[in-house]
1. Taking the stated definitions as given, is Arg40 part of a helix (DSSP H, G or I), surrounded by 13 or more Cβ atoms within 10 Å (Cβ to Cβ) and either at pLDDT 90 or above or acidic (Asp, Glu) (or both)?
2. Does Glu25 satisfy the condition of being open to solvent by less than 30 Å² (accessible area, probe 1.4 Å), in contact (Cβ under 8 Å) with a residue 12 or more places away in the chain, among the acidic types (Asp, Glu) and within 20 Å of Glu113 (Cβ to Cβ)?
3. Those residues that are among the basic types (Lys, Arg), in a helix (DSSP H, G or I) and touching a residue at least 24 places away in the same chain (Cβ under 8 Å), I need them from region 43-73; list them, please.
4. Name every residue in region 86-108 that is modelled with pLDDT of 85 or more and among the hydrophobic types (A, V, I, L, M, F, W, C), in order of residue number.
5. For Pro119, indicate whether it is closer than 25 Å to Leu10 by Cβ, in a loop (DSSP other than H, G, I, E, B) and modelled with pLDDT of 85 or more.
6. From the set of residues in region 77-124 that are within 24 Å of Ser36 (Cα to Cα) and touching a Cys at 6+ places or on another chain (Cβ under 7 Å), which is surrounded by the most Cβ atoms within 10 Å (Cβ to Cβ)?
7. With respect to the numbered conditions (1) out of contact with any Phe, Trp or Tyr (no Cβ under 6 Å at 6 or more places or on another chain); (2) assigned to a helix (DSSP H, G or I); (3) in contact (Cβ under 8 Å) with a residue 24 or more places away in the chain, which one is the sole condition not fulfilled by Glu13?
Amino acid sequence: MSHSLITDSLREELVRQLVYLDENEYAILDRVASESPADRTAIRTLIRKYQERVQGILSGTGDELERCVVLVGSWVSLQIGPETLKDAYRIVIPGESGLDEHCISLWSPMGRELLLTEPGETVTVHTPLGSDRVLVLNNVYDYASGAERLG
């Protein structure tokens, strides 16, 4: 991977994400456990996979940035079913999300499915209201503004 893609701001942001996951993993899993044991296992797997990918980026061995993999802080353009959404949505850590800000919480059904996808991939998002097929059209990782929000 090109080291020119990793700036100091990006490095700081990714380290903050790893710290967040490390410090909050049990609380996240406990909250999800109330939903279902299967969700708990899926979240634990997602956390591990995300940590591995971010560590790969930080060590220079991963190509996730070149492939535009969706990370926390990504702005994603989506098509849900036949409808292409006009606005991009940002994947955020809980507490930073709000519909008026075009944010999707990392631990929401949509956020969990979008994390680590790439443009061109389709995922199925299951919610209490049903299921939707979601196509990732584009992904931009704007780490400069995300570093301020992660604090």
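1. On the way: part of a helix (DSSP H, G or I): yes; surrounded by 13 or more Cβ atoms within 10 Å (Cβ to Cβ): yes; either at pLDDT 90 or above or acidic (Asp, Glu) (or both): no.
Considered against the rule, which asks whether it is part of a helix (DSSP H, G or I), surrounded by 13 or more Cβ atoms within 10 Å (Cβ to Cβ) and either at pLDDT 90 or above or acidic (Asp, Glu) (or both), Arg40 comes out as no.
2. Working: open to solvent by less than 30 Å² (accessible area, probe 1.4 Å): yes; in contact (Cβ under 8 Å) with a residue 12 or more places away in the chain: yes; among the acidic types (Asp, Glu): yes; within 20 Å of Glu113 (Cβ to Cβ): yes.
So Glu25 fits the description; yes.
3. Looking only at region 43-73, we keep the residues that are among the basic types (Lys, Arg), and these are 44, 48-49, 53, 67.
Now restrict to residues that are in a helix (DSSP H, G or I): 44, 48-49, 53.
Across region 43-73, the qualifying residues are Lys49, Arg53.
4. Within region 86-108, Ala88, Ile91, Val92, Ile93, Cys103, Ile104, Leu106, Trp107 meet the criteria.
5. Details: closer than 25 Å to Leu10 by Cβ: yes; in a loop (DSSP other than H, G, I, E, B): yes; modelled with pLDDT of 85 or more: yes.
Yes, satisfied.
6. Of all residues in region 77-124, those within 24 Å of Ser36 (Cα to Cα) come to 91-95, 97, 104-117, 123-124.
Now narrow it down to the ones that are touching a Cys at 6+ places or on another chain (Cβ under 7 Å): 92, 97.
On the way: Val92: 23, Ser97: 19.
Ranking the qualifying residues of region 77-124, first place goes to Val92.
7. (1)
So that you can scan it fast, the table gives a plain yes or no per residue for (1) closer than 15 Å to Leu114 by Cβ; (2) modelled with pLDDT under 90:
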{"residue": "Leu18", "(1), (2)": "no, no"}
{"residue": "Ala33", "(1), (2)": "no, yes"}
{"residue": "Leu46", "(1), (2)": "yes, no"}
{"residue": "Gly62", "(1), (2)": "no, yes"}
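The values are calculated or read from the model by the stated rules, or taken from the named source; none is laboratory data. Keep in mind the model is a prediction, meaning the values are calculated, not measured. Every residue, glycine among them, receives a Cβ derived from its backbone with ideal geometry; neighbour counts consider all protein chains shown. Ligands, DNA and RNA are excluded from the accessible area calculation, which covers all protein heavy atoms including side chains. Shrake-Rupley method; radii C 1.70, N 1.55, O 1.52, S 1.80 Å.
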